[in-house]
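Engineer: This is the structure I have questions about; it appears just below.
The values are calculated or read from the model by the stated rules, or taken from the named source; none is laboratory data. Computed from a prediction, not measured in an experiment: that's the story for all the values here. Here Cβ is always computed from backbone atoms with ideal geometry, including for glycine, and neighbour counts include all displayed protein chains. Accessible surface is based on the protein model in full, side chains and every heavy atom, while ligands, DNA and RNA are left aside. Shrake-Rupley method; radii C 1.70, N 1.55, O 1.52, S 1.80 Å.
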Amino acid sequence: EKLIIVGKNVAGKTTLIKLLCKFYKPTEGKITINGEDIWQISDEKYYKLIATVFQDFQNFAFSFAEAIALDDHADHKKIENIARDIGLNPLFDTSSDGVNTYITKNFSKNGIEPSGGEAQKIAIARAIYKNAPILILDEPTASLDAKAEAEIYQNFFQMSGNKTTIFVSHRLAASTIADHIAVFVDGTIAEYGNHKALMQKNGVYAEMYRKQGEGYTR
């Protein structure tokens, strides 16, 4: 299932993600996977189940292959396919080093300095490469323009296949193709449903969607 979590600032969206990642422990209730409390699952096992991209992600001065795989034995063909799917390949296609091209010039004069949006795509590619059954993205496209964001979401949905995917976003670029949308207001889920149902409800989500759309229809 593809779930989009939307809401205004300080509504509780990022807090939920930190709970899902076991950064915070619930003071009430519990979070389960297939009925098992995640706090009963070892961290080593649990972190193999999830791949997360945060808004304040970090890329190191590695090659593309190392930055995406975080492994000395990277599958270069898999990395190339992922890079093409999310539009990263122009950064290294023209380089003789290919996916071994460094993403900074710290260790190689042939290195490439990616833009903010490109750096964000590298972080997303890393999550896809991990191939975990649960993907969590907290504002993963904040540095991208609206058109690039919509393309990333479309491609990401296709690439995520049958994985459980949870997106947090202020913008509603992917909400129309999500299975469900959770609308957060003051730490609670105020509305829940798909795009069509929430638009018909004409509540918080519908207002947000119309207001964002005004910027592109004038």
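Engineer: Taking the alpha-carbon centroid of each part, what is the distance from segment 67-141 to segment 1-54 in angstrom?
Structural biologist: 25 Å
Engineer: Restricting to Cα pairs below 8 Å that are 6+ residues apart, what does the relative contact order work out to for the chain? Please round to a whole percent.
Structural biologist: 30 percent
Engineer: Determine, for each peptide in 84-91, 27-34, 72-79, the mean count of other beta carbons within 10 angstrom over its residues, then list the peptides with the highest first.
Structural biologist: 84-91, 72-79, 27-34
Engineer: Quick one: the Cα spread of segment 9-97 along its three principal axes, in angstroms, biggest first?
Structural biologist: Here the Cα extents, ordered largest to smallest, are 55, 32, 23 Å.
Engineer: Just the Cα atoms of the chain, one point each, no solvent: what log10 I(q)/I(0) does Debye give at q = 0.09, 0.11 Å⁻¹?
Structural biologist: At q = 0.09, 0.11 Å⁻¹ the computed log10 ratios are -0.40, -0.59.
Engineer: Considering only ILE181, ILE50, TYR24, whose Cα is most displaced toward the positive end of the charge dipole of the chain, charges sitting on Cβ of Lys, Arg (+1) and Asp, Glu (-1)?
Structural biologist: After comparing all options, I get ILE181.
Engineer: Roll a 1.4 Å probe over the protein chains and send me the accessible area per residue for the chain in Å².
Structural biologist: Roughly 55 Å² per residue, with all protein chains present.
Engineer: Treating only the Cβ of Lys, Arg, Asp and Glu as charged (+1, +1, -1, -1), what charge dipole size does the chain show about its Cα centre? Round to the nearest 20 debye.
Structural biologist: My answer is approximately 420 debye.
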